[in-house]
Structures are given as structure tokens and as C-alpha cells.
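S.K.: Here you go, one structure.
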Amino acid sequence: MNRKLLVADDDKSFHEIICRVFKNTDWQVTVAEDGLTALEKITEQVPDVILLDLNMPKLGGRELLARIRKDARLALIPVIIISGDSSPQEKALEFGIGADDFLGKPFDTLELAARVERASRRTRRMLAANPLTFLPGGPAIEEEAGRRIKTGEPLAFFYIDIDNFKAYNDNYGYLNGDNAIKQTAALLGGIRDGFPDADIFIGHVGGDDFVMMSSSGRAEEIAKLVAARFDALAPQFYNKDDRERGHTVSKDRMGNSRTFPLMSLTIAVATNEKRKLDHYAKIADIAGEIKKYLKGRPDRSGSLWLKDRRVD
């Protein structure tokens, strides 16, 4: 499905340049030579990104941007200002009226294409973000996996599930449950910051399920650290009595009262070191198999991780 790029500029030669830049891509370019026409096209079919010139007839770029930002249906469209004045003062002014990015003329076409891509990706991630952790959600996770698969570079995909979370949530309430989720997200963020060379992405599938992606070279080190840090963190969520017992008492899904260990993590790691990961569904299947195996181990204690070592 094509993404939509609207070019609002009265310069026909600029239109031609943009059409050439995005030819044979998944971007569908629409042009408007004045502000009123641009506004009509925007409201008729909401674009994914707008390239906006400031000096247009009928309706100027600044007024057009102000109208876009006041309309709830259009307010989140990323707008990149294209201007002949690239001074710091001009850039600051345009960001102040709601622009997402600024590019001065003349510009490098590869740089323009990269900025359009970044603006589109950033907005999609924001719209799909989990409302509790603000981490990218399901659609953004799948998109990021697809992007990494396409590059063919070494990839490690971590599926991270919090064990015994429901029992904790039932005993300690939703506010404490939400805090445990947010603290887990922060823990993963700290690990990402500690591995700047590993190109780590973090996503929140929903509930107590998280995803990480990284280059595969340090996958085992990362998984081991995630498990160790969570096991150090988890007891802090419980009261003194439950910590000392090492378990809580709650009802299972059948309504029977039983004991549940303190929360831990199950971390399933799929990589393309020995297997070809050519689509997201295959990654999900491999991670699901590993997760099921780990959760079924009768001798487990604390967080467990396992990296897939099978060969296709």
C-alpha cells in the first residue's frame, strides 16, 4: 500500500524534483501550487507526510500549518518545512509554529528522502505506542522487524514475558501492576543504553509481553543481563512477608487457590545466525516455541532465557 506525500509549493521545478526522488518507491506524490489547494487535498485524503513551502499564493505556509495543527484529524501529520532561508533563527521560528523538521534549499535529495522516511516512521510509532509505557506497539514492532529482515544484517529477536504477573496483579492491584510494567520497560531501556553498539530496539506488545531486537553478536550477553537485573528488581515489588516466603497465594484461572512464585522473566531469543528469518511470522513462531519450552520446565527458578541454536 502506497504512502502519501503531499508537496505544497508553487515551484513546478521543485515538484519535478520530488517526483523523481520518490519514483519507484512506495510513496505516492501529490502536488499543490497554492495553500488553499493544499488544504483541500489534505482534508480530502490525509497524507502521511507534508513538504511545505512557506511562500505560497492564496494561503501562506505558516497559516496553512496553523490550520493543520488546529484540526484534531490532521494535527499529527508530520510537516517538513522547505525554505530558502536556512538560518538558525528561521529554523527556530518554524519549529515554534509546529513544524516537525526543516530543510533549507538547496538540499541533498538523499537527505530529503531520509528525513521523509524518519518523519513517517516516527509518527507511526507514536500512534502505535503503548499508552502505559509509550514504547512502540504491535504494528511498529512488526515494521521494525521487517526493516531489519530486509537489510539481511545479523538479527537477534527477544520475546520477553513476565511470569506470574497475573497473580501479582490480582494480589497487589492494578496500580502496582502498572508500576511493575513501567519498571520493566525502564529496565529494558537502561540495558539498551548500556549497549550503544548493539542497535537495540524495544517494543511493548501489550500486557506483560515485551520485545527487543538487536544485532546478534551480543545477544546472549544481553539476555543474561536482562534476566539478572529483573531478578534483582522483582522482590522489591512485594511486601516483606511475600519476599521472605518467595511466593504469593492467589487463585489460578480455574478459580482454585494456589501459590505462585515471585515474578520472573521468560526470554526467548531467535536469531538468523543459523536459520533464515525471512518474515515476521517465522520469528514469532520460533520465539513461541522457545517460550513454551521454557515455561514448561518443571525445575525452573527465577528468570530463564534460551537462544535458538537449531539449523533449518
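S.K.: Select from region 261-276 the residues that are surrounded by 19 or more Cβ atoms within 10 Å (Cβ to Cβ) and either of a type outside the set (S, T, N, Q) or under 17 Å from ALA227 (Cα atoms) (or both) and list them in ascending order.
M.R.: LEU262, MET263, SER264, LEU265, THR266, ILE267, ALA268, VAL269, ALA270
S.K.: Within region 135-166, work out how many residues are under 16 Å from the mean Cα position of the chain (by Cα) and free of Cβ contacts under 8 Å to residues at least 12 places away in the same chain.
M.R.: 1
S.K.: Can I ask one more? Yes or no: region 285-299 includes at least one residue that is within 19 Å of ASP161 (Cβ to Cβ) and in contact with a helix residue (DSSP H, G or I) (Cβ under 8 Å, 6 or more places away or on another chain).
M.R.: No, region 285-299 contains no residue that is within 19 Å of ASP161 (Cβ to Cβ) and in contact with a helix residue (DSSP H, G or I) (Cβ under 8 Å, 6 or more places away or on another chain).
S.K.: Also, quick follow-up: Any residue at all in region 131-148 that's in contact with a Leu (Cβ under 6 Å, 6 or more places away or on another chain) and crowded, with 17+ Cβ neighbours inside 10 Å?
M.R.: yes
S.K.: When the residues of region 107-123 are filtered to those that are out of contact with any Leu (no Cβ under 7 Å at 6 or more places or on another chain) and in contact (Cβ under 8 Å) with a residue 40 or more places away in the chain, which remaining residue is nearest to PHE22 (Cα to Cα)?
M.R.: Looking at the filtered set, the residue picked out is ALA113.
S.K.: Residues in region 156-168 that are surrounded by fewer than 19 Cβ atoms within 10 Å (Cβ to Cβ) and not in a loop (DSSP other than H, G, I, E, B): how many?
M.R.: The qualifying residues number 1.
S.K.: If you don't mind, another one. Out of ASP252, ASP209, ASP242, ASP231, which single residue is under 22 Å from ALA145 (Cα atoms) and not aliphatic (A, V, I, L, M)?
M.R.: Exactly one of ASP252, ASP209, ASP242, ASP231 is under 22 Å from ALA145 (Cα atoms) and not aliphatic (A, V, I, L, M), namely ASP209.
S.K.: Now, a different point. Any residue at all in region 259-271 that's over 26 Å from the mean Cα position of the chain (by Cα), modelled with pLDDT of 95 or more, outside any strand (DSSP E or B) and not acidic (Asp, Glu)?
M.R.: yes
Let's see how each residue does on (1) part of a strand (DSSP E or B); (2) within 22 Å of the chain's Cα centre (by Cα); (3) among the hydroxyl-bearing types (Ser, Thr, Tyr); (4) at pLDDT 95 or above:
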site: ASP199; (1), (2), (3), (4): no, yes, no, no
site: PHE210; (1), (2), (3), (4): yes, yes, no, yes
site: ARG218; (1), (2), (3), (4): no, yes, no, no
site: ALA223; (1), (2), (3), (4): no, yes, no, yes
site: ASP231; (1), (2), (3), (4): no, no, no, yes
site: PRO235; (1), (2), (3), (4): no, no, no, yes
site: ARG243; (1), (2), (3), (4): no, no, no, no
site: SER250; (1), (2), (3), (4): yes, no, yes, no
site: ARG253; (1), (2), (3), (4): no, no, no, no
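S.K.: ALA167: hydrophobic (A, V, I, L, M, F, W, C) and closer than 30 Å to ILE81 by Cβ, yes or no?
M.R.: No; evaluated as a whole, the condition is false for this residue.
S.K.: Name the residues in region 282-299 that are over 25 Å from the mean Cα position of the chain (by Cα) and free of Cβ contacts under 8 Å to residues at least 12 places away in the same chain, would you?
M.R.: Residues satisfying the conditions are LYS292, GLY296, ARG297, PRO298, ASP299.
S.K.: Taking region 121-155, which residues are assigned to a helix (DSSP H, G or I), touching an Asp or Glu at 6+ places or on another chain (Cβ under 9 Å) and either modelled with pLDDT under 90 or among the basic types (Lys, Arg) (or both)?
M.R.: Listed by number, the residues that qualify are ARG121, ARG122, THR123, ARG124, ARG125, ARG148.
The values are calculated or read from the model by the stated rules, or taken from the named source; none is laboratory data. Here the structure is a predicted model, which means the values were calculated and not measured. Backbone-built Cβ (ideal geometry, glycine too); neighbour counts: all protein chains shown.
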